[in-house]
């Protein structure tokens with residue numbers, strides 16, 4: 001089985017690693033250089049997109065911001081899964097909101113902003129505070145504005161107007177900011193045959209808009225059922241194939257969809273050590289027509305993102321129930337360099353191990369994560 005992944009980052013790398021036991025060959029299309037590379041050794045160039053398409057039995061994507069002409073070329077081959085339309089929905093919040101409305105899925109009240117008149121209408125009909133998000137290419141907290149007071153509206157509009165004018169296809173979504181108790185996400189897979197499996201919900205914590213800690217939840221049957229029903233509704237509507245992640249805001253006992261990601265997701269990295277079949281292997285299984293693997297929580301597990309550091313105290317590597325995954329990236333402040341998966345026999349042991357790791361992490365780059373772990377796990 002030969003797989004071509006659109007995108008040559010850490011997600012393609014982890015897909016390639018996860019599927020090696022199946023004797024699968026995975027290559028990646030680097031959207032920046034427009035060359036096909038080995039995702040485990042990206043300095044090795046294999047060829048161009050045409051040769052990658054010819055090599056592949058199936059084509060998939062590690063992220064949603066893929067040029068539409070590339071998606072069209074891959075879809076014309078009959079090998080692309082999920083579909084180009086599904087990938088585009090994940091990359092354009094306007095399409096995403098339309099899908100949620102079509103499927104009658106609860107989400108925050110919102111307006112699509114194309115001009116100043118739309119902006120003023122949104123302010124008049126939504127209650128402050130309002131969050132404004134770029135329709136295209138917004139991720140990890142980028143491309144966002146928060147309007148908390150009407151006196152700042154003019155300044156924010158001027159910034160948004162410059163932003164929109166820079167790209168004729170760009171737009172902005174204005175959303176009512178929802179007072180939620182926590183953010184949770186659901187990662188699941190749907191196969192070519194329509195088989196669906198979902199992993200346990202994950203509680204997420206962010207540092208400066210970037211996911212920093214995810215913890216698999218063990219005992220939330222009601223919320224799990226809500227989330228799984230949304231997953232089934234959305235994937236069936238799109239005839240989706242592959243892994244899909246859905247981020248939710250929890251408001252009381254209700255889940256509101258924040259956004260969807262048509263791919264493997266950062267909040268699902270814990271599945272490498274906390275389930276029988278991780279999200280990366282299940283994605284390749286799904287798009288290749290293979291049976292899906294087990295998604296049950298086999299032991300309490302959490303993930304810590306390594307942001308802006310390319311080194312950790314070596315003692316962490318010797319800790320029981322701890323696995324470090326590096327991405328082979330050049331160090332840069334705030335960049336996702338790797339992650340740490342931490343597991344325990346039960347929640348108490350997991351919390352103890354998280355606290356022990358937090359004590360060893362560098363204060364200058366992990367201060368927020370250390371504080372969060374100590375507050376949540378003590």
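Kindly check whether there is at least one residue in segment 214-221 that is exposed (fewer than 12 other Cβ atoms within 10 Å of the Cβ) and at positive phi. No, every residue in segment 214-221 fails to be exposed (fewer than 12 other Cβ atoms within 10 Å of the Cβ) and at positive phi. Which numbered condition in (1) under 30 Å from residue 329 (Cα atoms); (2) at pLDDT 95 or above is the only one that residue 136 fails? All conditions are met except number (2).
Rundown of residues vs (1) assigned by TED's automatic domain parsing to the domain that holds residue 161; (2) part of a loop (DSSP other than H, G, I, E, B), yes/no style:
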site: 51; (1), (2): no, no
site: 66; (1), (2): no, yes
site: 73; (1), (2): no, no
site: 128; (1), (2): yes, yes
site: 145; (1), (2): yes, no
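Would you pick out the residues in segment 311-328 that are assigned to a loop (DSSP other than H, G, I, E, B) and either modelled with pLDDT under 95 or out of contact with any strand residue (DSSP E or B) (no Cβ under 6 Å at 6 or more places or on another chain) (or both)?
Hits for segment 311-328 are 311, 312, 313, 319, 320, 328.
If only residues of segment 61-81 that are over 19 Å from residue 170 (Cβ atoms) and within 15 Å of the chain's Cα centre (by Cα) are counted, the one that is surrounded by the most Cβ atoms within 10 Å (Cβ to Cβ) is 61.
Picking from 241, 210, which residue would you name as being at pLDDT below 95 and closer than 30 Å to residue 4 by Cα? Walk me through it before giving the result.
On the way: 241 fails: at pLDDT below 95.
It is 210.
From the list 360, 317, 350, the lone residue that is farther than 22 Å from residue 208 by Cβ, surrounded by fewer than 16 Cβ atoms within 10 Å (Cβ to Cβ) and assigned by TED's automatic domain parsing to the domain that holds residue 202 is 317.
Here's the yes/no breakdown for (1) touching a residue at least 60 places away in the same chain (Cβ under 8 Å); (2) crowded, with 17+ Cβ neighbours inside 10 Å; (3) part of a loop (DSSP other than H, G, I, E, B):
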residue	(1), (2), (3)
224	no, yes, no
227	no, yes, no
234	yes, yes, no
237	yes, no, no
240	yes, yes, yes
245	yes, yes, no
249	yes, yes, no
259	yes, yes, no
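Taking the condition surrounded by fewer than 22 Cβ atoms within 10 Å (Cβ to Cβ), at positive phi and not assigned by TED's automatic domain parsing to the domain that holds residue 335, does residue 20 pass? When the stated conditions are applied, residue 20 does not pass them. State all residues of segment 352-365 that are within 16 Å of residue 333 (Cβ to Cβ) and without any contact (Cβ under 8 Å) to a residue 12 or more places away in the chain; if no residue qualifies, say none. Listed by number, the residues that qualify are 363, 364.
When segment 105-126 is filtered for residues that are part of a helix (DSSP H, G or I), out of contact with any helix residue (DSSP H, G or I) (no Cβ under 7 Å at 6 or more places or on another chain) and surrounded by fewer than 18 Cβ atoms within 10 Å (Cβ to Cβ), the ones remaining, listed by number, are 117, 118, 120, 121, 124, 125. Only residues that are part of a helix (DSSP H, G or I) and either touching a strand residue (DSSP E or B) at 6+ places or on another chain (Cβ under 7 Å) or not assigned by TED's automatic domain parsing to the domain that holds residue 129 (or both) were counted in segment 164-179, giving 1.
The values are calculated or read from the model by the stated rules, or taken from the named source; none is laboratory data. All figures in this text were calculated on a predicted structure; none of them were measured in a lab. Note that we place each Cβ from the backbone using ideal geometry, even for glycine, and neighbour counts take in every protein chain shown.
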